[in-house]
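**Student:** Have a look at this one before I ask anything.
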Amino acid sequence: MAITAVMGYRIERRSTRSPFAWALALVLAGACALLVCAGLFIAAGADPWQAFAALLKGGLGSKRAIAETMVKATPLILTGLACTIAFRARLWNIGAEGQVFAGAMFAYWCQSALGDAPAPVQIAMIVIGALIGGALLGGLAGILKARFQVDEVISTVMLNYIIVYALSLLLQNGPWTEAGSFFEQTAMVPDAAQLPVILAKTRLHLGFLFALVAAAVVHVMLLRSSLGYEIRAAGSNLRALEFQGVKITRLIIVVMAISGAVAGLAGAFEVYGVQHRLKSGTLGGLGYTGIIIAILGQLRPIGVVAAALVFGVLLNGATLMQIKSGVPSALIYAVEAIILMFFLIAWAASEFRLRRLHHVE
Amino acid sequence: MWSDLLNLGIIVSVLAATIRIATPVLFSALGEVTAERAGVYNMGIEGTMLMGAFIGWLATYESGSSLIGLAAALLAGAVMSLIFAVMVISLKIDQIVTGLALNLLGSGLSTYWLRAAFSNMEKVPGITVLRTWPVPFLSDIPVVGPVLFNQGALTYLAFLLVPVIWLFLFRSRLGLEIRCIGENPKALDIKGHSVAARQYAAVIFGGAMAGLGGACLTIASTAHFVPDMVNGRGWLALVIVIAGGWRPGWILAAALFFSFLDALQLQIQGVGIAIPYQILLALPYIAAIVALMIRRRASRAPAMLGVSYRRE
C-alpha cells in the first residue's frame, strides 16, 4: 500500500462503500457539472443565471413543459434500461443507438403490412415488431461475440453505422419513401397506429406508461428471475457461473437480444408516439445517451427512470434556453458527457476515505 | 461501366486516394497501439479525433497558420487523453466506460463550441487546406510517383511513423518497458520503475496522434468542420489495431485495406456505377466485422489490455 500521509492524514481504499456514497457522488458531480456549465455559458457570452432559469422554466415551468419533459424522457428510459440489462452482465452493448433504429424499422415494416386494422391490433403489432427488430440486431452482436469472439463494443458500433445506412437506403427513393417527397421519410402513419395521447393538450403518449412498465419488468427480471440471477452472476464471476453448468454463449446471445429488444421499443415509440413517421436523422443519439443514463442510474431500473427524467428536463429546457439566452441547445450534449465524467470521478473517489493516522507506540 | 475501373488512370487515382485516406486512421492507430501495448485500451479515440479535427481547424482559422493549427490539434488530443489517463490510470475507473464518456465529451463539446463560436454567421467559414507536396524526381516515376510521392506532408509523416513506432516499441528500452507493462506490469514495478508514468506517456502520445489524425480531416482535407465528421474513423482505428495484431507493419496493411475500400467507393460513385451509395459507405464497417471474425481478438492482445494495474 502506497503511503501518502499528509499532516497526519492518509488516503485509504474503503472495503465497503457507505450507503450515501452514491448520493454524494451524484450531488458532487452535479455541482461540478453546474460550475463547468456556467463557465460554458459565460464563454458563449450569456448570463448564466438567465440561461439556467430559462433551462428550468422550459423543462418544468408548466404542465405542458412537464409533459414534454416526460415525452423526451420516454426513449431515454428505454435505452437506459437496455444498457442496464447488458452492462449488468458486463456486456458492453454500445448498440442501443442502432437497435433503436432496428426497432423502429421492424415495427414500421410489421405495422404497414396491417392495413386498416383496429388501433389495439396496430399498437400490439408495433410493440411486437419493435421488440423483434431490436432483438435481431442485438442478438446478432451477441452471436458475433459468443461464436466468433468479436468484441461487442466494436461490433455494436459498426452495426450502428450500418443500420443508419440501411434506413437511408430504404428511405431514399426506396420502397418506404413517401410518394412525391424530397425528404428521406415515410408517409404519415395512419391515426389508428399512432400511440394515443394520455394527457389532453400535450404530446404525452402511451409510450411513457409502457416505458415505466418496462422499468418495472426489468427490475423484477433482474432481481427475481433465474435469468436475472445469471445476468448478475455473469457480471461478477463468469467462471463460477460456468461451473454451475450455465451455457455462457447462450446467455450472451439472450442478454444481447433482450437488451436490443428494449432499445427497439424506444425507436418505435418515437416514431408512433412523437414523429408519426419514420425519417432518417430524428432517432440519433438516443442510444448513446442511454449509456449515460444507465451509468448515472447505477444500473438500477429506478435509477434509470430518475436519470432519464432529469435528462428530459435538460433536453426539453434547452430549446427555451436557446431562445432566451442565445446559448446553443447543443450545449446539452456536452453537459451530459461532463456530468457523466464527473460522476465517474466522484464515484471512484468515494471508494477512498481520509483517515487520521493513529500513533503506534 | 465496371470496365471503366480498370484503366490505368483510374487505378492510379484509386491507389493514390487509398494512401491519402489512410493518413488519419494511420496516425490514430499508431498512437493507439502504443497505448494498448502499455495495457491501456483507449476507446475514446473517436472523440479525441473529433476534438483534434475541431481545435485544429479553429486554430488554423483564427491564426491563419496550418502549423499552429496542427500544434493545437496535437495539444487537444493530448489534453483529451490526459483526462482519460487521470481517470483510468490514477483513479482506476473502468477503461471502457471512460473511453465511451470521452467520445461523448468530444462529440458534445466540439458541436457546442462550433455553434457558440459561429452562431452569428450564416455559414461556417473555411480554411486554406494544406497542398500536396510532390517529392522532387520521385514523383515523376510513372504509376509509383503519383501514387506514393505526390501526397501531402502529413501523409509522408504518417507513413514514416510506421517504422519509427516499430523501432520504438521493439528496439528501444522504453519500448520494451511499455510492452512489459502490457504483459506483466508487476515485473516492472518490482524493479522500482513507475508503471503509471510510462502508461501516462503512452496514452498521452496516443491521444496526441489521434488529435493529429483528426486534424488531417480538416486541415489537410475538407477545410470545414462539420459536427461528428470523424464518422467512425476512430472506431476503425481500433479495429485496425486488432486486425493488425498490435504490430505496426500489419497495422499499416490493415489501414491500407480499409482505406482502399473507401477509395474504391469514391471511384465507383465517380464513374457512375449504379450501386446505392449507402451500400458502398457501409462497406468498411461490414468489412471491419468480418475482419474481426477472422482474426480473433484474444490471440495477440497484450495480456493486461484494459485491466487497471493495482498494487496488492
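The values are calculated or read from the model by the stated rules, or taken from the named source; none is laboratory data. Everything numeric here is computed off the predicted structure, so don't read it as measured data. With ideal geometry, Cβ positions are generated from the backbone for all residues, glycine too; neighbour counts draw on all protein chains shown. Note: areas computed on protein heavy atoms with side chains; ligands, DNA, RNA excluded. Shrake-Rupley method; radii C 1.70, N 1.55, O 1.52, S 1.80 Å.
**Student:** As a test of the formula, what do you get for chain B when each DSSP H run with n ≥ 4 contributes -39,500 (n - 2.57) and the sum is divided by the residue count, at 222 nm and rounded to the nearest 500 deg cm²/dmol?
**Tutor:** -22500 deg cm²/dmol
**Student:** Another one. Suppose accessible area is computed on protein heavy atoms with a 1.4 Å probe; arrange A:Met188, A:Met105 from highest to lowest.
**Tutor:** The residues order as A:Met188, A:Met105, largest area first.
**Student:** For B:Lys186, list the aspartates and glutamates whose Cα falls under 14 Å from its own Cα; do not include residues on the same chain fewer than 8 positions away.
**Tutor:** Straight-line reach from B:Lys186, under 14 Å: B:Glu177, B:Glu312.
**Student:** Work out, step by step, the length gained on full extension between A:Phe182 and A:Thr282: first 0.36 nm times the residue separation, then minus their alpha carbon distance; give nm to one decimal.
**Tutor:** Difference between extended and current length: 34.4 nm.
**Student:** Additional query: With angles folded into 0 to 90 degrees, how steeply does helix A:206-224 sit against the dominant principal axis of chain A? Use alpha carbons for both and round to 10.
**Tutor:** Long axis of A:206-224 versus the principal axis of chain A: about 50 degrees.
**Student:** Over the C-alpha atoms of segment A:146-242, what are the Rg and the largest Cα-to-Cα span, Dmax, in Å?
**Tutor:** Using the Cα atoms of segment A:146-242, the pair Rg, Dmax is 20.7, 59 Å.
**Student:** If exposed trypsin sites (Lys or Arg not before Pro) are those in a DSSP loop with at most 11 other Cβ within 10 Å, what is the longest stretch of chain B that has none?
**Tutor:** B:1-122
**Student:** Another question, if that's okay. Kirkwood-based Rg over Rh for the protein assembly as shown (C-alpha set), two decimals?
**Tutor:** 0.97
**Student:** Treating the beta-carbon of each Lys and Arg as +1 and of each Asp and Glu as -1, no other charges, what is the dipole magnitude of segment B:2-294 about its Cα centre, to the nearest 20 debye?
**Tutor:** 580
**Student:** Using a probe radius of 1.4 Å on protein heavy atoms only, what is the accessible area buried between chains A and B, both sides summed, to the nearest 100 Å²?
**Tutor:** Accessible area lost upon association: around 3900 Å².
**Student:** Please determine, in degrees from 0 to 90 and to the nearest 10, the orientation of helix A:21-43 with respect to the longest principal axis defined by the Cα atoms of chain A, where the helix direction is its Cα long axis.
**Tutor:** The angle comes out near 70 degrees.
**Student:** Write down Rg/Rh for segment A:226-293, rounded to two decimals, with Rg from the C-alpha atoms and Rh from the Kirkwood relation over Cα pairs.
**Tutor:** On the Cα set of segment A:226-293, Rg over Rh gives 1.16.
**Student:** Could you tell me the accessible area of A:Trp347 in Å² (1.4 Å probe, neighbours in place), rounded to the nearest ten?
**Tutor:** Ignoring ligands and nucleic acids, A:Trp347 comes out at about 60 Å².
**Student:** Where does helix B:66-85 land angle-wise versus the long Cα axis of chain B, in degrees 0 to 90, nearest 10?
**Tutor:** Computed tilt is about 40 degrees.
**Student:** Could you tell me which trypsin sites (Lys or Arg not before Pro) in segment A:198-263 are loop residues by DSSP with no more than 10 other beta carbons within 10 angstrom of their beta carbon?
**Tutor:** Answer by residue number: A:Lys201.
**Student:** With a 1.4 Å probe and every protein chain kept in, tell me what percent of the accessible surface of segment B:147-188 is carbon plus sulfur.
**Tutor:** On segment B:147-188, the fraction of accessible area on carbon and sulfur atoms equals 72 percent.
**Student:** Would you give the gap between the C-alpha center of segment A:258-301 and the C-alpha center of segment A:109-143, rounded to a whole Å?
**Tutor:** 15
**Student:** Can you bin chain A into rounded, prolate or oblate? Criterion: square roots of the alpha carbon gyration tensor eigenvalues sorted a ≥ b ≥ c, rounded for a/c under 1.5, prolate for a/b above b/c, oblate for the rest.
**Tutor:** Judged from the Cα gyration tensor, chain A comes out oblate (a/c at least 1.5, b/c at or above a/b).
**Student:** Once you keep just the Cα pairs under 8 angstrom separated by 6 or more residues, what percentage relative contact order results for chain B?
**Tutor:** RCO, chain B: 38 percent.
**Student:** Leaving ligands, DNA and RNA out of it, rank A:Ser259, A:Ser329 by accessible area with a 1.4 Å probe, largest first.
**Tutor:** Putting A:Ser259, A:Ser329 in descending order of accessible area: A:Ser329, A:Ser259.
**Student:** Now a separate question. Sorted from largest down, what three extents in whole angstroms do the Cα atoms of chain B have along their principal axes?
**Tutor:** So the three principal-axis extents are 64, 48, 40 Å.
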